[in-house]
Amino acid sequence: MGDERAERIAEFVRPLRVEPGRKVRLEQDFDPRYKAGIRRKRDGVELLRSGVELLADYQRRLAAQDTHGVLVCLQALDAGGKDGTIRHVMSGVNPQGVRVAGFKVPSDDELDHDFLWRYHRELPRRGEIGIFNRSHYEEVLVVRVHPENLLRQKLPGAARGPGVWKRRYREINDWERYLTDNGFTIVKIFLNLSKEEQRTRFLKRIDVPERNWKFSPADVRERAHWDDYQKAFSKMLSATSTAWAPWYVIPADRKWFARVCVSAVLAHTLIGIDPRYPEVGGETRRELAEVKRELERQAPEGEPADPFAAKETGEGKAEGKAKGKAKGRGKGRGRGKAAGKGRGGKHGGRA
Ligand code: ATP
Ligand code: MG
């Protein structure tokens, strides 16, 4: 990654990040229609495409290095665009390296445990990108806006009394700190939708029959609590955007722009981790060279000793022919480009 490109991405995401300790008033501080001076959707689509490629490359390295995991927490009000964002932003990434977990109303079993239990069980492994579609932040959002949820959690009296939200913020920050210290980078994304855009999207879900399934009358009932949610989001952003696990507020009224932003935030996060393909040491390198010679000796007549190296250097045919003629004098072959390079060659080098 060139420093210049990394710097451009860092510049782009800076205004979206909630600086730790900042007191956020969502509606005054963040405009859901902001689009960073990008005028046309077409330009955004181009940007997203290069972001998707960048992400795929970094994800391969993350998986190869196998020491860090990334957890992306995605929060939004209904119709905020969580599903579409995941689909588009992760479209280039190897599905084997990604796990998505969605969180709905907790089950009885989940309610029988501490409030972070069900989230901990779905964390990504090292080498993976995990996406929480809704996350542990529901515990200070929907649960705060509808306190009857807290009653269902069977907490002892002292644990649900005054100060419960402050305590939850602290517990969440501590949990995230613990994960970060152990190699799991956390990035938190809030898709910030305006009330009017939500109304439009709900109507679209009602008007277009193929979208009816996405709509639930309960979503409109939740909309009645709009102001309470804005307050809960503001408090949450103020208390839980930390140096180790920052929040990004993404302008979500334009889906294409939200996707560009999310892809930039993820790219920025992965650039920060800077995962590398493992390099093999001298001993392994020698072993690889030995095995390589053995494989080359097994080349059928008329075939190049190392078809891959031959393709790279364009010498395949010539070498194959030469081998046919030199039958029985097979020693000393395999001096192709990749000879002896082990994994340090084209497919193993740092990008
Ligand atoms: P979709 O885009 O399909 O609507 P969704 O994430 O909104 O996806 P739903 O099944 O519609 O999924 O809603 C899940 C519901 O679960 C949300 O209303 C959310 O607030 C609620 N929920 C999530 N976590 C908790 C929690 N810990 N306690 C209570 N309710 C929760
Ligand atoms: Mg829903």
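The values are calculated or read from the model by the stated rules, or taken from the named source; none is laboratory data. Quantities reported herein were computed from a predicted structural model and do not represent experimental measurements. Glycine gets a Cβ as well: all are built from the backbone with ideal geometry, and neighbour counts include every protein chain shown. The area values use the complete protein model at the heavy-atom level, side chains included, leaving out ligands, DNA and RNA. Shrake-Rupley method; radii C 1.70, N 1.55, O 1.52, S 1.80 Å.
Among Lys188, Lys166, Lys195, which is the only one that is open to solvent by 40 Å² or more (accessible area, probe 1.4 Å), in contact (Cβ under 8 Å) with a residue 24 or more places away in the chain and within 20 Å of Pro251 (Cα to Cα)?
Going through Lys188, Lys166, Lys195 in turn, just one is open to solvent by 40 Å² or more (accessible area, probe 1.4 Å), in contact (Cβ under 8 Å) with a residue 24 or more places away in the chain and within 20 Å of Pro251 (Cα to Cα): Lys195.
Mind checking whether some residue in the range 274-284 is over 25 Å from Arg60 (Cβ atoms), hydrophobic (A, V, I, L, M, F, W, C), open to solvent by less than 70 Å² (accessible area, probe 1.4 Å) and more than 16 Å from ligand 1 (Cβ to nearest atom)?
No: the range 274-284 contains no residue that is over 25 Å from Arg60 (Cβ atoms), hydrophobic (A, V, I, L, M, F, W, C), open to solvent by less than 70 Å² (accessible area, probe 1.4 Å) and more than 16 Å from ligand 1 (Cβ to nearest atom).
Tell me which helices (runs of 4 or more DSSP H) are completely within the range 86-187 and hold 1 or more residues being more than 24 Å from the chain's Cα centre (by Cα), or say none if there are none.
Answer list for the range 86-187: 108-111, 142-145, 148-152, 164-181.
Quick grid of which residues meet (1) surrounded by fewer than 17 Cβ atoms within 10 Å (Cβ to Cβ); (2) over 24 Å from Ser234 (Cα atoms); (3) near ligand 1 (Cβ under 9 Å from one of its atoms):
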residue	(1), (2), (3)
Ser107	yes, yes, no
Trp117	yes, yes, no
Leu123	yes, yes, no
Gly130	no, yes, no
His136	no, no, yes
Val140	no, no, no
Gly157	yes, yes, no
Gly161	yes, no, no
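Report, by residue number, each residue of the range 238-260 that is assigned to a helix (DSSP H, G or I), within 22 Å of Lys195 (Cα to Cα) and touching a helix residue (DSSP H, G or I) at 6+ places or on another chain (Cβ under 7 Å).
Lys255, Trp256, Phe257, Ala258, Arg259, Val260 - these are the residues of the range 238-260 that are assigned to a helix (DSSP H, G or I), within 22 Å of Lys195 (Cα to Cα) and touching a helix residue (DSSP H, G or I) at 6+ places or on another chain (Cβ under 7 Å).
Among the residues of the range 198-222 satisfying the criterion of being open to solvent by 50 Å² or more (accessible area, probe 1.4 Å) and among the basic types (Lys, Arg), which is nearest to ligand 1 (Cβ to nearest atom)?
Within the range 198-222, the match that is nearest to ligand 1 (Cβ to nearest atom) is Lys214.
Listed here are the residues, each with its yes/no results for (1) in contact with a strand residue (DSSP E or B) (Cβ under 7 Å, 6 or more places away or on another chain); (2) surrounded by 13 or more Cβ atoms within 10 Å (Cβ to Cβ).
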{"position": "Val13", "(1), (2)": "yes, yes"}
{"position": "Glu19", "(1), (2)": "no, no"}
{"position": "Asp29", "(1), (2)": "no, yes"}
{"position": "Gly37", "(1), (2)": "no, no"}
{"position": "Lys41", "(1), (2)": "no, yes"}
{"position": "Gln59", "(1), (2)": "yes, yes"}
{"position": "His68", "(1), (2)": "yes, yes"}
{"position": "Ala76", "(1), (2)": "yes, yes"}
{"position": "Gly80", "(1), (2)": "yes, yes"}
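With respect to Ile189, is the statement that it is farther than 24 Å from Asp31 by Cα, in contact with a Leu (Cβ under 9 Å, 6 or more places away or on another chain) and either away from ligand 2 (no atom under 16 Å from the Cβ) or outside the structural domain of Ser263 (by TED's automatic domain parsing) (or both) true?
no
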